[in-house]
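Below is one structure, written out as structure tokens; the observations come after it.
The values are calculated or read from the model by the stated rules, or taken from the named source; none is laboratory data. Fair warning: this is a prediction, and the values are worked out from it, not measured in the lab. Here the Cβ positions follow ideal geometry from the backbone for every residue, glycine too, while neighbour counts run over all protein chains shown. In case anyone asks, the SASA skips ligands and DNA or RNA and just uses the protein heavy atoms, side chains included. Shrake-Rupley method; radii C 1.70, N 1.55, O 1.52, S 1.80 Å.
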Amino acid sequence: MRKMDIKKYLEDKQSDLEKSKARITNSNVFDFNYIPEKPLMRNEIKPVIDALLRYQQTGIANNVLILGSRGSGKSLAAKYLMKLLSSKNQLKFAYVNCRHHNTSFKILAHLLGLRARGRTLDELWHLFTDANPDKTVFILDEIDLINDKDKHLDILYLISRSDRNDMAILLSNNPKFTNTLDESIKSTLQAELVHFSSYNAFEIGQILTDRAKTGLKFLPEEEISQIAAMTVKNSNSDVRIAIKALLLWAMEPKVSLQEHFEKARRDIMIEILKDLNSKNLLILKAALSQKDGYVKDIYHSYRQISTQSGEEPWSYVHFYSNLSYLQSLGLIIMVSTKVHRTHTNRIQMTFDTELFNSMWQTRFE
Ligand SMILES: Nc1ncnc2c1ncn2[C@@H]1O[C@H](COP(=O)(O)OP(=O)(O)OP(=O)(O)O)[C@@H](O)[C@H]1O
Ligand SMILES: [Mg+2]
């Protein structure tokens, strides 16, 4: 057997990566926060543009709630429109990602560049309106990640009830987000619901082609269409995975595309699992214990595991509606199968068991 030569391996790898420098002309385009000059247009963006233009014209707020799976272009659409409309000073915007600022206090403090401590919410609001006298479009990204402590989403009351006629655009990848809102907030907000559907392989191919044209020395058409197909089939159309797979492949084209795709999927899966709350982790744990994947059995097991872990389990209805959230994250696929002439709901797991188990250990053991 050939002895493994560490030095040789390292040098070969180094020289391969060195060559990738020549293939990649602009690595910024592979950053998930990169805003392309011309994002792919889709019909879903039109109602958002219309709402903003109506607001600009009439000054009457037209709140919007954008829902759609992970990587369906919600954040990009919001940021791009913000860039277009604020560049000519047409509208004032305030963008906050609730993942990083997860209470009404923290959102306002962040916008003001202050610390939230020692101030009331009203004080912060007044400081904000004094500093920003013009009516403002608040973009609250990943609104479902607001802390449970702030269940009433006080900031939404402040925005929708202010006599400045501010407007709110809320973004979430939880299809059941509205179920978690108070009736009173819903009626105050009167948000127009815009659903971003998942991209098809052709659209993902176009997005990748555009990145390749600005970021690579050449256009790998064949690989792009393969990545696009894999992303739709295996990863619930999350464009992030597609972009990452293309970058990994461009860095090391000798390694198979399949392998790169798996690596990209795994990296992104780790991020998703890290962000899950404990109830969702408990559901996945229960799903793993029921190999047949019947939803009813999983619920039963979920209740048991929850009790063992000292967590109050969700009701069946709540549990069931949460499955569509896990599906939108690309962690499971829900299927309806016919058993003895009746339809039964089952789920298939698309997450990596090993990864999940290590996450579980750090959270529960
Ligand atoms: N229409 C588009 N044109 C060009 N690139 C796009 C388009 N839609 C999405 N992308 C790219 O795909 C990636 C994921 O998009 P984005 O971050 O907007 O998803 P999202 O819907 O906000 O997902 P999440 O729910 O996880 O926040 C980003 O890198 C983004 O630039
Ligand atoms: Mg987003």
Review point. Of all residues in the stretch 176-213, which are closer than 26 Å to Val317 by Cβ, within 16 Å of ligand 2 (Cβ to nearest atom) and out of contact with any Lys or Arg (no Cβ under 7 Å at 6 or more places or on another chain)?
Key: Phe177, Val194, His195, Ser197, Ser198
**Study point:** Per-region count, the stretch 323-348, residues within 19 Å of Asn179 (Cβ to Cβ), in contact with a Lys or Arg (Cβ under 7 Å, 6 or more places away or on another chain) and buried (at least 16 other Cβ atoms within 10 Å of the Cβ)
**Key:** 3
Practice item. Could you list, in sequence order, all residues of the stretch 144-172 that are within 15 Å of Ala51 (Cβ to Cβ) and assigned to a loop (DSSP other than H, G, I, E, B)? Key: Asn165, Asp166
Practice item. State which residue is surrounded by the fewest Cβ atoms within 10 Å (Cβ to Cβ) when the search covers only the stretch 222-240 and only residues that are part of a helix (DSSP H, G or I) and modelled with pLDDT under 95. Key: Lys233
Exercise for review: Just give me the residues in the stretch 183-218 being more than 30 Å from Asn28 (Cα to Cα) and open to solvent by 50 Å² or more (accessible area, probe 1.4 Å), in sequence order.
Suggested key: Glu183, Ser184, Lys186, Ser187, Gln190, Glu192, Leu193
Check your understanding: Looking only at the stretch 173-183, which residues are away from ligand 1 (no atom under 16 Å from the Cβ) and part of a loop (DSSP other than H, G, I, E, B)?
Key -> Leu181, Asp182
Practice item. Please state which one of Lys79, Lys74 is in contact with a Gly (Cβ under 7 Å, 6 or more places away or on another chain), near ligand 2 (Cβ under 10 Å from one of its atoms), in contact (Cβ under 8 Å) with a residue 12 or more places away in the chain and assigned by TED's automatic domain parsing to the domain that holds Leu127. Key: Lys74
Exercise for review: Can you tell me which residue within the stretch 102-143, out of those that are part of a loop (DSSP other than H, G, I, E, B) and of a type in the set (Ser, Thr, Tyr), is nearest to Met82 (Cα to Cα)?
Suggested key: Thr103
